[in-house]
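The values are calculated or read from the model by the stated rules, or taken from the named source; none is laboratory data. As the structure is a computational prediction, the values presented were derived from the model and not from experiment. Here the Cβ positions follow ideal geometry from the backbone for every residue, glycine too, while neighbour counts run over all protein chains shown. Keep in mind that these areas ignore ligands, DNA and RNA; they rest on the heavy atoms of the full protein, side chains included. Shrake-Rupley method; radii C 1.70, N 1.55, O 1.52, S 1.80 Å.
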Protein chains: 2
Amino acid sequence: MVSLEDILAIQKRSEVTRTQILEAALICFSKNGFDATGVAEICEVSRVSKGAFYHHFPSKQAVFLCLLHDWLDGLETTLSAITNEYGTVPEAFTKMVGMTQEIFTSASGKIPMFLEFWMQARRDPIVWEATVEPYKHYQSIFANLIKRGIQEGTLQPVDPENVARIIVAFAVGLLLQGALEPDATNWTGVAGDGIQMLVKGMKK
Amino acid sequence: MVSLEDILAIQKRSEVTRTQILEAALICFSKNGFDATGVAEICEVSRVSKGAFYHHFPSKQAVFLCLLHDWLDGLETTLSAITNEYGTVPEAFTKMVGMTQEIFTSASGKIPMFLEFWMQARRDPIVWEATVEPYKHYQSIFANLIKRGIQEGTLQPVDPENVARIIVAFAVGLLLQGALEPDATNWTGVAGDGIQMLVKGMKK
């Protein structure tokens, strides 16, 4: 008979394998790019068999989307903590300035990989949808925040959807520039100045 | 003896060939991406021999960089016309709102191709330098404009280099989002709102 301990041990081992695959894939994708990385290489680096790999993920793309979502989920947790805190919307934006270091650190080395994936995803509608979805999600988070600011009377009656797109565009552009030239400047300083400028541009 | 007319005719024919190569390359790169496009394909589409191709360009990369610079030169001409016109710096930014349609139209279909190239350029320092250079160039144009605004007393004493990076980040992020989801919204409207927000954030 299989005991509860056995089941838990199997579950635990399965989780460990999954994490090993994700960690190895991140190393391979970052180093050689998405296209040049094969499942065989991920298996070799993670010391996981092909059978075990395909037990956890149907494809290389699936691993990639998992890495993308894990990263974005982490960012969102921090973002939600800030926006749900008691305080006005301009105050929430000011708190985000303190988040920029964390965002740049967590994005470090990942941006070129995500861009490469996007380029490839353009030819696959399902993968495409999964890739564009986080964009839309962040846009709606910011649009809601702007709406709250207008309601509480701290922001001007701007167009929440447009402003949300402006914020996301700024964040994406900054992450991209930071990825292209990491040592060109103090990127967190630029991010902080940018957030403050945008807030000043919206404030009543 | 070779007459002046003959020389001019040869020059003319050479220019036509060069333009044919560039036009064909733009079609191929936009359709299939940079990596998947070969010199042979560009020659076929442009109806130019391989010999003629290599007479004009040393490599596929050279054609690509030429397309990039032609595009950016066109944008810069429009931008210079605006920034050199008589008027305050906030007025110059307001005039840029009217430029956004032109930028989006000229960028249409090109952004994914440029991103793919960047991703590949990361592994070649010389190509990399040539790719990052336009970034730096635009940054210095905007930094000078901000400095002028501070001097003329229309802008607050912001950090010109940081603000220039913020503007470039916003523009790049917006072009990228516009490329990913062209029909999601009225991107020129978003761009216009963004410029106005940024100007409001800098104004005295």
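Side notes on the structure shown:
- Scan segment A:53-62 for residues that are touching a helix residue (DSSP H, G or I) at 6+ places or on another chain (Cβ under 7 Å) and either modelled with pLDDT under 95 or outside any helix (DSSP H, G or I) (or both) and the total you get is 3.
- Residues (farther than 20 Å from B:Leu68 by Cβ and open to solvent by less than 70 Å² (accessible area, probe 1.4 Å)) located in segment B:18-48: B:Ala40, B:Cys43, B:Val48
- Subset tally (residues that are aliphatic (A, V, I, L, M) and open to solvent by less than 70 Å² (accessible area, probe 1.4 Å)) for segment A:1-15: 1
- Residues within segment B:28-58 that are of a type in the set (A, V, I, L, M) and closer than 21 Å to B:Phe114 by Cβ, tallied: 4
- Residue satisfying condition, being at pLDDT 90 or above and either in a helix (DSSP H, G or I) or within 30 Å of B:Gln151 (Cβ to Cβ) (or both), within set B:Leu75, B:Leu22: B:Leu22
- In segment B:173-204, the residues that are under 19 Å from the mean Cα position of the chain (by Cα) and modelled with pLDDT under 90: B:Leu175, B:Leu176, B:Gln177, B:Gly178, B:Ala179, B:Leu180, B:Pro182
- Of the residues making up segment A:6-26, one or more are within 20 Å of the chain's Cα centre (by Cα) and among the small types (Gly, Ala, Ser).
- Scanning segment B:158-195 for residues that are more than 14 Å from A:Gly194 (Cα to Cα), more than 7 Å from every other protein chain (Cβ to nearest Cβ) and in a helix (DSSP H, G or I) gives B:Leu175, B:Gly178, B:Ala179, B:Trp187, B:Thr188, B:Ala191, B:Gly192.
- Residue list for segment A:103-133, filter: β-branched (Val, Ile, Thr) and either within 16 Å of A:Trp187 (Cα to Cα) or surrounded by fewer than 20 Cβ atoms within 10 Å (Cβ to Cβ) (or both): A:Ile103, A:Thr105, A:Ile111, A:Ile126, A:Val127, A:Val132
- Test: residue in segment A:105-113 that is touching a Leu at 6+ places or on another chain (Cβ under 9 Å), under 27 Å from A:Ser30 (Cβ atoms), part of a loop (DSSP other than H, G, I, E, B) and in contact (Cβ under 8 Å) with a residue 24 or more places away in the chain: yes
- Residue selected from segment B:83-93 under the condition open to solvent by 20 Å² or more (accessible area, probe 1.4 Å) and either at pLDDT 85 or above or assigned to a helix (DSSP H, G or I) (or both), by the criterion nearest to B:Ser140 (Cα to Cα): B:Asn84
- Scanning segment B:125-157 for residues that are part of a helix (DSSP H, G or I), of a type in the set (Ser, Thr, Tyr) and away from chain A (no Cβ under 12 Å) yields a single hit, B:Ser140.
- Checked against (1) at positive phi; (2) in contact with a Phe, Trp or Tyr (Cβ under 8 Å, 6 or more places away or on another chain), A:Arg47 passes all but condition (2).
- Residue satisfying condition, being closer than 28 Å to A:Asp35 by Cα and of a type in the set (A, V, I, L, M, F, W, C), within set A:Ile111, A:Ile82: A:Ile111
- Any hit, segment B:147-170, residues being over 23 Å from B:Thr88 (Cα atoms), open to solvent by 50 Å² or more (accessible area, probe 1.4 Å) and not polar (S, T, N, Q): no
- Residue, farthest from B:Lys204 (Cα to Cα), within segment B:67-95, restricted to residues that are of a type in the set (A, V, I, L, M) and free of Cβ contacts under 8 Å to residues at least 24 places away in the same chain: B:Ala81
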